[in-house]
Amino acid sequence: MKLLKIMLVPFVSLLVTGCEKVITADLTTAAPRLVVDASIDWVKNTTGNEQKIVLSTTTGYYNSEFPSVSGAVITVTNATNTVFNFVETPGTGQYICSNFIPVIGQTYNLKIVLNGETYTASETFTPVSKIEDNIDQNNKGGEAGDEIEITFYYQDDVNQKNSYLNSITQPHSVFPELEVEDDEHTNGNLNQESYSHEKLKTGDRIDIKLYGISKNYYNYMFKLIVASGNDGNPFPTIPSAVRGNIINQTNSKNYALGYFRLAEVATKSYTIK
């Protein structure tokens, strides 16, 4: 499992010009643990029949790649006992289903059989509101008022408790930027989300994804964001393994990391003017 990187800065004399040196520490690596990316996402106005589950393992801190896991038998079963088989593309750790049937409000059960052990999880397909067509642009946004900022809107459903995952992709970040929200204080409101970045410029395309997620997944993602130090807190907690909803029924000590999620997704793209 990945551990903290240790940087040692040598003592700098007041009489000479100092330097900074990065020391690569010899870190202890724990035994590999199964990681399950079982995100079943149904983008609005699509059939949702093509779905993918990815298996990998944890690795050492200095390794840039996560080893894929082959040889698993993966099924997802819906409330009417229809079984959807996820078949691996050989040697990739990516398990594909091409006939999945997404149904909002229906509960699905995941089963993974790997190396004589059985992992299970259960989750309900969660709906999401559409992203409104109007997206506002402010060229004097951000905390310092010197960044391009966009604001998008979505209508919260007053008849149910809702949780959301926002994902923003733009050219100046390698990975999507994530944020979780709930409607504890905004139930039934027209909600707005703003995003800015110091490098945004005219012509840049921003891709927005809004996921409807369960409260349990909201809590899971909140812990992940805090543990990663990306919650804006100047004094973040020490990173640790955040457990998801996947249970090893054979050997509880050999637990897996990851989550079985079923989310409807609203999408919208915007090009900076």
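The values are calculated or read from the model by the stated rules, or taken from the named source; none is laboratory data. As the structure is a computational prediction, the values presented were derived from the model and not from experiment. Every residue, glycine as well, gets a Cβ built from its backbone with ideal geometry; the counts of neighbours run over all protein chains shown. For accessibility, only protein heavy atoms count, side chains too; no ligands or nucleic acids. Shrake-Rupley method; radii C 1.70, N 1.55, O 1.52, S 1.80 Å.
Consider just the alpha-carbon atoms of the stretch 52-125 and return their Rg together with their Dmax, both in angstrom.
When restricted to Cα atoms, the stretch 52-125 yields Rg and Dmax of 13.9, 45 Å.
So how do HIS185, HIS197, HIS172 rank on accessible area, 1.4 Å probe, biggest first, that is with the largest at the start?
HIS185, HIS172, HIS197
Give the residue list of GluC sites (Glu not before Pro) in the stretch 64-125 that are DSSP loop and have at most 16 other beta-carbon atoms within 10 angstrom. Don't jump to the answer; show the numbers that get you there.
Details: sites: GLU65, GLU88, GLU117, GLU123; in loops: GLU65.
Listed in order of number, the matching sites are GLU65.
Please report the antiparallel percentage of the DSSP beta bridges confined to the stretch 119-273, to the nearest 5. All intermediate terms of the calculation are to be shown ahead of the outcome.
Working: 35 of 36 bridges.
In the stretch 119-273, DSSP labels about 95 percent of beta bridges as antiparallel.
Quickly rank 104-116, 204-216 as a protection proxy: mean count of other C-beta atoms within 10 Å, highest first.
204-216, 104-116
Amide H of ALA79 versus every other amide H placed in the peptide plane: which residues, excluding those fewer than 5 positions away on the same chain, fall under 5 Å?
Amide H to amide H, under 5 Å and 5 or more residues apart or across chains, ALA79 pairs with THR107.
With a ≥ b ≥ c the root eigenvalues of the C-alpha gyration tensor of the stretch 154-216, is it rounded (a/c under 1.5), prolate (a/b larger than b/c) or oblate? It would help to have the intermediate numbers written out before the result.
Numbers: a/c = 3.14, a/b = 2.14, b/c = 1.47.
Judged from the Cα gyration tensor, the stretch 154-216 comes out prolate (a/c at least 1.5, a/b above b/c).
At 7 Å along Cα-to-Cβ for each site, give me the label-to-label distance between THR250 and GLN137 in nm.
In this crude spin-label approximation the distance works out to 5.5 nm.
Taking each pair of different alpha-carbon atoms in the stretch 89-208 once, compute 1/r for the pair, average those values, and report the inverse of that mean as the Kirkwood hydrodynamic radius in Å to one decimal. Could the numbers behind the result be given before it?
Numbers: mean 1/r = 0.0560 Å⁻¹.
Answer for the stretch 89-208: a Kirkwood hydrodynamic radius of 17.9 Å.
Can you run the Rg to Rh ratio on the stretch 152-273? Use alpha carbon positions and the Kirkwood inverse-distance Rh.
Here the Rg-to-Rh quotient is 1.01.
Take peptides 37-48, 128-139 and line them up by average Cβ neighbours within 10 Å, highest first, as a rough protection proxy.
So the order, starting with the most tightly packed, is 37-48, 128-139.
What part of the accessible area of the stretch 147-190, given as a whole %, is carbon or sulfur when the probe is 1.4 angstrom?
Here it works out to 49 percent.
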